[in-house]
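Comments concern the structure below.
The values are calculated or read from the model by the stated rules, or taken from the named source; none is laboratory data. Note that the structure is predicted; figures quoted are calculated from it, not measured. Cβ coordinates were reconstructed from backbone atoms using ideal geometry, including for glycine residues, and neighbour counts include every protein chain displayed. Heavy atoms of the whole protein, side chains included, go into the accessibility calculation; ligands, DNA and RNA do not. Shrake-Rupley method; radii C 1.70, N 1.55, O 1.52, S 1.80 Å.
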Amino acid sequence: EIFISYPSSNIAEKALLWSKTKAEGTSLTGRVRLYFTKDNSTDPIYSASDEQSTGQVFGIDAVSWDPNDPLVIDDSVFGYPQESLIDIPDDTYYMQAELFLYDMYSRTGLPDVYMPTSCVSDQGLNGEYAKPDGTLFSQVFEVDFTSTASIQLSLDQVQPPAVSEGCAGLGDGVDSDWVKTVRITSQLLTSFWNRDIELEACVLVPPNWNSSAATYPLVVSHGHYSPVFFPGGGFQTEQPDCDPDEDGYDCVQSQYAYYLAQNWTSLDDSSAFSGARMILMTINHPVPLFDDSYAVNSASLGPYGDAIVTELIPEVEARFNGIGAGWARALYGGSTGGWETLASQVLYPDDFNGAFAACPDPITFSSYATIDIYSTSNAYFYDSDFKKTPRPGQRDDYSGVTWPGYGHPYGQTTTTIQEANHRELVLGTHSRSCGQWDIWEAVFGPVCDDGFPCRLYDKLSGEMNQTTAGYWQEHFDLKFILDRDWETLGPKLQGKLHLFVGNSDTYFLTNAVMDMEDFLGQTSDPSSDAEVVIGTHNGRGYEHCFRGYEYEGSSGTPLPNSITRLTYNQAFMPRMAEQFLSTAPSGADTSS
């Protein structure tokens with residue numbers, strides 16, 4: 001047995017203050033997690049992953065937990081990858097525990113529930129963060145573990161508040177000449193959550209935007225929460241002093257951030273943005289269950305789609321001379337941002353005039369990664385009378401930061417859907433892991449009677465819930481929605497849809513794009529003119545996250561994902577400008 005406690009009410013007060021948890025008293029509620037690792041190269045609390053290098057983790061809920069009242073991790077507590085302490089071999093391990101804090105939320109029309117105070121930190125960006133402010137954790141101990149051991153750990157450390165670099169990288173709320181910060185309190189979201197909900201945009205303004213009467217189109221770059229402006233790559237006005245051969249990919253990113261700044265600020269006709277001067281914004285909209293709301297209206301998370309489209313975007317346009325019309329707005333993004341891009345265009349067809357969606361999360365649930373949620377009985381195993389074959393959840397590796405080179409799409413399974421979901425179940429029950437599969441359930445599904453997202457499948461066994469699957473189809477299966485409403489949507493989406501995915505996407509996102517391609521290819525009245533590109537190089541499929549072909553100079557060699565992820569703007573914004581010019585209404589200002 002392993003006993004976990006925290007030492008005093010002073011620790012609790014500090015955690016509540018730093019996390020901004022709106023709790024009464026000094027008792028704490030959250031998820032207690034216990035981690036084992038075999039080496040101490042990284043603190044064990046950062047070790048749980050879907051990779052082969054994962055640590056071991058166990059989890060248990062703590063509700064109104066008082067100081068010096070130990071919680072017990074014993075053989076009955078569920079773990080990942082090993083399910084019980086009984087399964088852990090006697091050996092020497094590095095051990096660490098944490099309390100991931102929850103807060104009580106009172107959403108309009110829904111039962112009060114505990115959910116994470118935050119899934120993000122201002123230390124980090126683009127889906128990779130430090131622990132949220134106020135997280136309690138223990139020191140790391142080297143322990144000779146046996147199945148009969150009695151071990152005590154004290155959560156006597158608190159994660160201090162992170163210091164945000166701000167959109168411009170100059171400090172929280174400090175703007176530069178080029179990168180501006182826009183924050184609004186959303187009335188729509190505040191009414192849903194019954195607490196003030198802030199939306200933030202990091203905005204890159206065009207040259208001389210405030211010295212003329214010109215008005216500008218708007219581009220929304222969708223993606224993960226990032227305190228610093230990061231539309232795929234960064235924006236850096238100072239030339240980096242580094243050498244990629246010595247300093248690696250961090251130097252490559254800095255060089256391309258400088259390259260974007262040079263292109264953006266140049267008034268020369270040779271600039272990639274000559275004739276394509278626009279306002280470019282990223283959005284920060286974290287929710288209690290993830291770093292991002294998915295930019296749609298959902299039962300569990302509220303009207304984020306409407307808030308972004310009707311509150312935040314008009315405010316950005318008003319401040320920076322935006323045209324302020326749907327024909328002069330476009331979107332792009334990759335992965336989560338790719339799904340948001342396509343969903344925003346489909347669900348708000350008149351408010352946007354172009355969607356460039358790269359490696360999107362599943363855009364139809366006939367291929368929810370490797371699951372057809374409508375026909376299968378189990379999410380974790382293929383249907384068979386006699387076999388029990390696990391469904392793969394990840395193959396090979398993410399190649400977005402592989403440099404130089406492309407990665408190797410061998411097709412090797414690196415995790416199963418069952419493993420990925422069991423890891424999330426240990427990190428947090430009721431969709432509270434801050435993980436990928438859990439947020440999809442929170443966004444796409446209804447709310448159950450207990451106030452939590454209804455499960456698409458039993459998280460432990462994988463058994464499907466077809467009632468929930470039907471809700472997903474009606475509300476968020478983008479292929480189904482397009483098919484159902486093609487008579488109305490088809491004409492509105494002509495010229496607007498652009499989809500890109502690698503032929504060997506790491507997370508099997510290729511499958512849903514192929515399903516969408518098949519559907520779009522058989523449409524009529526009108527016949528869809530959507531662009532669908534499934535990427536290969538030298539006969540090998542691109543992995544995650546392919547955003548379309550770009551070639552190296554005159555050699556004709558296609559560039560790897562690690563480079564093209566840094567040039568979304570140069571690739572897409574000139575094409576957006578062409579779309580705006582060709583579809584602008586009569587009398588619109590297209591020359592200033």
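Go through the stretch 349-380 and give me each residue that's of a type in the set (Phe, Trp, Tyr) and open to solvent by 30 Å² or more (accessible area, probe 1.4 Å).
Of the stretch 349-380, the ones of a type in the set (Phe, Trp, Tyr) are 352, 356, 365, 368, 374, 380.
Within the stretch 349-380, Tyr374 is the sole residue that qualifies.
Determine which single condition Lys20 fails, assuming it passes every other condition in (1) touching a Gly at 6+ places or on another chain (Cβ under 9 Å); (2) surrounded by fewer than 22 Cβ atoms within 10 Å (Cβ to Cβ); (3) on the phi < 0 side of the Ramachandran plot.
(3)
Quick one: would you say Ala201 is open to solvent by less than 10 Å² (accessible area, probe 1.4 Å) and part of a loop (DSSP other than H, G, I, E, B)?
Working: open to solvent by less than 10 Å² (accessible area, probe 1.4 Å): yes; part of a loop (DSSP other than H, G, I, E, B): no.
For Ala201, the condition - open to solvent by less than 10 Å² (accessible area, probe 1.4 Å) and part of a loop (DSSP other than H, G, I, E, B) - is not met.
Among the residues of the stretch 336-364, write down those that are under 14 Å from the mean Cα position of the chain (by Cα) and among the acidic types (Asp, Glu).
Glu340, Asp361
Looking only at residues that are under 15 Å from Phe290 (Cβ atoms) and touching a Lys or Arg at 6+ places or on another chain (Cβ under 8 Å) in the stretch 402-430, which one is surrounded by the most Cβ atoms within 10 Å (Cβ to Cβ)?
Glu424
How many residues, within the stretch 542-557, are without any contact (Cβ under 8 Å) to a residue 40 or more places away in the chain and either in contact with a Gly (Cβ under 8 Å, 6 or more places away or on another chain) or under 14 Å from Val401 (Cβ atoms) (or both)? Write out each step before concluding.
Start the filter on the stretch 542-557 by keeping residues that are without any contact (Cβ under 8 Å) to a residue 40 or more places away in the chain, which leaves 549-557.
Imposing the further condition that a residue be either in contact with a Gly (Cβ under 8 Å, 6 or more places away or on another chain) or under 14 Å from Val401 (Cβ atoms) (or both) reduces the set to 549.
Summing the residues that are without any contact (Cβ under 8 Å) to a residue 40 or more places away in the chain and either in contact with a Gly (Cβ under 8 Å, 6 or more places away or on another chain) or under 14 Å from Val401 (Cβ atoms) (or both) in the stretch 542-557 gives 1.
When the residues of the stretch 204-220 are narrowed to those that are of a type in the set (Val, Ile, Thr) and not in a loop (DSSP other than H, G, I, E, B), which ends up surrounded by the fewest Cβ atoms within 10 Å (Cβ to Cβ)? First the steps, then the outcome.
Residues of the stretch 204-220 that are of a type in the set (Val, Ile, Thr), as a first pass: 205, 215, 219-220.
From what is left, the residues that are not in a loop (DSSP other than H, G, I, E, B) are 219-220.
On the way: Val219: 26, Val220: 28.
Step by step, filter the stretch 204-220, then rank; the result is Val219.
Looking at the stretch 119-130 only, could you name the residues that are part of a loop (DSSP other than H, G, I, E, B) and either over 13 Å from Gln159 (Cα atoms) or open to solvent by less than 20 Å² (accessible area, probe 1.4 Å) (or both)?
Taking the stretch 119-130 and keeping what is part of a loop (DSSP other than H, G, I, E, B), we get 119-123, 126-127, 130.
Matches in the stretch 119-130: Cys119, Val120, Ser121, Asn126, Gly127, Ala130.
Sort out which residues of the stretch 89-112 are touching a residue at least 40 places away in the same chain (Cβ under 8 Å), open to solvent by 60 Å² or more (accessible area, probe 1.4 Å) and touching a helix residue (DSSP H, G or I) at 6+ places or on another chain (Cβ under 9 Å), and write them in order of number.
Within the stretch 89-112, Thr108 is the sole residue that qualifies.
Which of (1) open to solvent by 10 Å² or more (accessible area, probe 1.4 Å); (2) under 20 Å from Cys119 (Cβ atoms); (3) over 13 Å from the mean Cα position of the chain (by Cα) does Tyr304 not meet, given it meets every other one?
Against the list (1) open to solvent by 10 Å² or more (accessible area, probe 1.4 Å); (2) under 20 Å from Cys119 (Cβ atoms); (3) over 13 Å from the mean Cα position of the chain (by Cα), Tyr304 comes up short only on (1).
Please find, among Met516, Met573, the residue that is over 25 Å from Asp485 (Cα atoms), hydrophobic (A, V, I, L, M, F, W, C) and surrounded by 16 or more Cβ atoms within 10 Å (Cβ to Cβ). Let's see the steps before the verdict.
Details: Met516 fails: over 25 Å from Asp485 (Cα atoms).
Going through Met516, Met573 in turn, the sole match is Met573.
Looking only at the stretch 353-370, which residues are of a type in the set (S, T, N, Q) and in contact with a helix residue (DSSP H, G or I) (Cβ under 6 Å, 6 or more places away or on another chain)? First the steps, then the outcome.
Step one: list which residues in the stretch 353-370 are of a type in the set (S, T, N, Q), which gives 353, 364, 366-367, 370.
Correct list: Asn353, Thr364, Ser366, Ser367.
Cβ contacts < 6 Å: first residue more than 14 Å from Leu204 (Cβ to Cβ), restricted to the stretch 234-261; second residue at pLDDT below 95 and aliphatic (A, V, I, L, M), any location; separation 6+ or different chain. Result?
As it stands, the answer is Tyr249/Val401, since those pairs meet every condition given.
Please go through (1) assigned to a loop (DSSP other than H, G, I, E, B); (2) closer than 27 Å to Cys167 by Cβ for Asp103 and return the number of the only condition it doesn't satisfy.
All conditions pass for Asp103, except number (1).
Which is under 30 Å from Val401 (Cα atoms), open to solvent by less than 10 Å² (accessible area, probe 1.4 Å), out of contact with any Cys (no Cβ under 9 Å at 6 or more places or on another chain) and not hydrophobic (A, V, I, L, M, F, W, C), of Tyr249, Tyr259, Tyr294? Even if it seems obvious, please write down each step before you answer.
Details: Tyr249 fails: open to solvent by less than 10 Å² (accessible area, probe 1.4 Å); Tyr259 fails: open to solvent by less than 10 Å² (accessible area, probe 1.4 Å).
Answer to the check: Tyr294.
Going through Leu489, Leu460, Leu499 one at a time, which residue ends up being among the aliphatic types (A, V, I, L, M) and assigned to a loop (DSSP other than H, G, I, E, B)? Give the steps one after another, and end with the answer.
Numbers: Leu489 fails: assigned to a loop (DSSP other than H, G, I, E, B); Leu499 fails: assigned to a loop (DSSP other than H, G, I, E, B).
Checking each option against the conditions leaves just Leu460.
Which condition from (1) open to solvent by less than 30 Å² (accessible area, probe 1.4 Å); (2) touching a residue at least 40 places away in the same chain (Cβ under 8 Å); (3) hydroxyl-bearing (Ser, Thr, Tyr) is the one that Ser47 breaks?
Unmet for Ser47, out of (1) open to solvent by less than 30 Å² (accessible area, probe 1.4 Å); (2) touching a residue at least 40 places away in the same chain (Cβ under 8 Å); (3) hydroxyl-bearing (Ser, Thr, Tyr): (2).
Which residue is farthest from Gln96 (Cα to Cα), if the candidates are limited to the stretch 163-172 and must be in contact (Cβ under 8 Å) with a residue 24 or more places away in the chain and open to solvent by 20 Å² or more (accessible area, probe 1.4 Å)? Talk me through it step by step, then tell me what you get.
The first filter runs over the stretch 163-172 and keeps only residues in contact (Cβ under 8 Å) with a residue 24 or more places away in the chain, leaving 163-169, 172.
Now drop any that are not open to solvent by 20 Å² or more (accessible area, probe 1.4 Å), which leaves 163, 165, 168-169, 172.
Values: Val163: 25, Glu165: 29, Ala168: 36, Gly169: 33, Asp172: 32 Å.
Out of the qualifying residues, it is Ala168.
If you check Asp196, Asp175, which single one turns out to be under 24 Å from Ile323 (Cβ atoms), free of Cβ contacts under 8 Å to residues at least 40 places away in the same chain and either in contact with a strand residue (DSSP E or B) (Cβ under 7 Å, 6 or more places away or on another chain) or among the β-branched types (Val, Ile, Thr) (or both)? Step through it out loud before you land on a result.
Details: Asp196 fails: under 24 Å from Ile323 (Cβ atoms).
That would be Asp175, the only listed residue that is under 24 Å from Ile323 (Cβ atoms), free of Cβ contacts under 8 Å to residues at least 40 places away in the same chain and either in contact with a strand residue (DSSP E or B) (Cβ under 7 Å, 6 or more places away or on another chain) or among the β-branched types (Val, Ile, Thr) (or both).
Could you look through the stretch 131-154, keep only residues that are assigned to a loop (DSSP other than H, G, I, E, B) and over 25 Å from Glu13 (Cα atoms), and pick out the one that is most open to solvent (accessible area, probe 1.4 Å)?
Thr148
Here is a list: Asp383, Asp450, Asp397. Which entry is modelled with pLDDT under 95 and either surrounded by 23 or more Cβ atoms within 10 Å (Cβ to Cβ) or out of contact with any helix residue (DSSP H, G or I) (no Cβ under 8 Å at 6 or more places or on another chain) (or both)? Walk me through it before giving the result.
Values: Asp383 fails: modelled with pLDDT under 95; Asp450 fails: modelled with pLDDT under 95.
Result of the check over Asp383, Asp450, Asp397: Asp397.
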